[in-house]
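J.: Starting off with a structure, shown below.
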Amino acid sequence: MRIGELSKRTGVSPRSLRYYEEQGLLTSSRTDAGQRHYSDAAVQRVSLIRQLFDAGMSSRVIATVLPCVDVPGDLGVAEETFTAMMRERDRIDADIAHLIETRDALDVLIRANSRHRAELSTAPEPVAPPT
């Protein structure tokens, strides 16, 4: 199938599909005129790539994980994939911890601002000097 058909079947833009190819995540054959042609298996491949991106993986990490799909019986590949996925999980855990710290710091500022707003709303209105 051509790139437009793959795009339609997967919901992924042709631009993204070309990016996947540039990153070595997806392959196509080319006609003499240079048009890309994809196998029917490309639909499942693109779906898997989208799942991996949605899981927060970069294209570089996805490239290390995909060989596990391509060579499912290779223990070395499976071990490398497992290591890459665990490293990504650790990175995500660190990102979550940082976001929690950031949220907690913002909560402190929100509480201080709330107290300040409450003080302002109970303060007597300033009296304008006579003119």
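The values are calculated or read from the model by the stated rules, or taken from the named source; none is laboratory data. As the structure is a prediction and not an experimental result, all values here were calculated from the model. So basically every Cβ, Gly included, is an ideal-geometry build from the backbone, and we count neighbours across all protein chains shown. SASA here: full protein model, heavy atoms, side chains in, ligands and nucleic acids out. Shrake-Rupley method; radii C 1.70, N 1.55, O 1.52, S 1.80 Å.
J.: If you go through the range 56-69 one residue at a time, how many are under 21 Å from Ser13 (Cβ atoms) and open to solvent by less than 60 Å² (accessible area, probe 1.4 Å)?
T.: 7
J.: Right, here's the next one. Quick test for you: out of Arg50, Arg89, pick the one residue that is within 27 Å of Arg2 (Cα to Cα) and in a helix (DSSP H, G or I).
T.: Arg50
J.: Sticking with this structure for a sec: Considering the range 1-12 alone, what residues qualify as being part of a loop (DSSP other than H, G, I, E, B) and open to solvent by less than 50 Å² (accessible area, probe 1.4 Å)?
T.: Met1, Val12 - these are the residues of the range 1-12 that are part of a loop (DSSP other than H, G, I, E, B) and open to solvent by less than 50 Å² (accessible area, probe 1.4 Å).
J.: Looking at the range 38-55, which of its residues are open to solvent by 60 Å² or more (accessible area, probe 1.4 Å) and over 23 Å from Met85 (Cβ atoms)?
T.: Of everything in the range 38-55, those that are open to solvent by 60 Å² or more (accessible area, probe 1.4 Å) and over 23 Å from Met85 (Cβ atoms) turn out to be Ser39, Asp40.
J.: Oh, and also: Can you pull out every residue in the range 70-81 that is surrounded by 13 or more Cβ atoms within 10 Å (Cβ to Cβ) and either part of a helix (DSSP H, G or I) or of a type in the set (Ser, Thr, Tyr) (or both)?
T.: Selection gives Val77, Ala78, Glu80, Thr81.
J.: Now for a separate question. Within the range 19-37, count every residue that is surrounded by 14 or more Cβ atoms within 10 Å (Cβ to Cβ) and outside any loop (DSSP other than H, G, I, E, B).
T.: Total satisfying the criteria: 5.
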